[in-house]
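Only one structure is covered here, and it is reproduced in the block below.
The values are calculated or read from the model by the stated rules, or taken from the named source; none is laboratory data. This is a predicted model, so every value here is computed, not measured. So basically every Cβ, Gly included, is an ideal-geometry build from the backbone, and we count neighbours across all protein chains shown.
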Amino acid sequence: MTVILLRHGRSTANTSGVLAGRSPGVHLDDRGRTQADALVARLGDHLGEIRAVARSPLDRCAETVAPLLAALGAGGEAPPEIVVDDLVEVDYGGWTGRPIRELLTEPLWKVVQQQPSAAVFPDGEGLADVQARAVRAIRELDRIHGGPDGSGVWIACSHGDVIKSIIADAMGSHLDSFQRIVVEPASISVIRYGSSRPYVHAVNTTEILSVPKPPPPSDGHSSSDDAVVGGDTGVDAKHDGADAKHDGAATIPAASG
């Protein structure tokens, strides 16, 4: 089962120098609307595979997926749009609405950068709690929308720190490493949740996307969800007479800066 993690397009808050958090009235700016429109082309041939579009309840996420939902519904019935409270932005509490330059001087800023698992925002939530609620939501949604054969593709539109925490979990990395992950506005990251572990196929890509295929049936010698020793070959999952196993993943373009 494959989830396309989509960060909302650039918002009026992204260029304001203020930590918006869950503040009302934050919308996509002109560039963000252009990015939202471009998602339809970026997903290309995979539009017909999308089974659901889940999103944070905030306006900037609703505006990001609106053109995509319109395109998905143009040829018939669109997949469901699901508003998921656990995909909402971090509750930054007393930091909400404050200029970033002021927050740089706060002792908590160093904790957020160096030990985010211990960071709890004043009158807000802790980053460890953010990861727990986001990962729980993603895994439950994936169980529902992945399909019985594991070929389901669905979208989750959320926010930078939320998506970074989901990727860190999928990579098996401690939350204290999540600041090493970059997730830009309108970027796409792709995770396939296999039967034994997640596989991270793309992070922070702003290119046209290729979605991984489900793994082929087991050859009787190993699980069909085993990782390929030595690395994937980058070809279709066909043995062609060779005693080799491929995980069937399509090539993902390299992430752009």
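Taking the options VAL40, VAL53, VAL83, name whichever one is without any contact (Cβ under 8 Å) to a residue 60 or more places away in the chain and touching a helix residue (DSSP H, G or I) at 6+ places or on another chain (Cβ under 7 Å). Working first, answer last.
Working: VAL53 fails: without any contact (Cβ under 8 Å) to a residue 60 or more places away in the chain; VAL83 fails: touching a helix residue (DSSP H, G or I) at 6+ places or on another chain (Cβ under 7 Å).
Going through VAL40, VAL53, VAL83 in turn, just one is without any contact (Cβ under 8 Å) to a residue 60 or more places away in the chain and touching a helix residue (DSSP H, G or I) at 6+ places or on another chain (Cβ under 7 Å): VAL40.
Any chance the stretch 30-48 includes a residue that's modelled with pLDDT of 95 or more, touching a His at 6+ places or on another chain (Cβ under 8 Å) and assigned to a strand (DSSP E or B)? Taking every residue of the stretch 30-48 in turn, none turns out to be modelled with pLDDT of 95 or more, touching a His at 6+ places or on another chain (Cβ under 8 Å) and assigned to a strand (DSSP E or B). Here the stretch 23-37 is the region considered, the condition is being aliphatic (A, V, I, L, M) and in contact with a strand residue (DSSP E or B) (Cβ under 6 Å, 6 or more places away or on another chain), and the residue that is surrounded by the fewest Cβ atoms within 10 Å (Cβ to Cβ) is VAL26.
Residue-level check: of (1) touching a residue at least 24 places away in the same chain (Cβ under 8 Å); (2) of a type in the set (Ser, Thr, Tyr); (3) under 30 Å from PRO107 (Cβ atoms), SER16 misses just (1).
Note on the stretch 75-132: residues that are of a type in the set (D, E, K, R), farther than 21 Å from ILE181 by Cβ, out of contact with any Leu (no Cβ under 8 Å at 6 or more places or on another chain) and part of a loop (DSSP other than H, G, I, E, B) amount to 3. Scanning the stretch 69-93 for residues that are buried (at least 21 other Cβ atoms within 10 Å of the Cβ) and under 25 Å from GLY21 (Cβ atoms) yields a total of 5.
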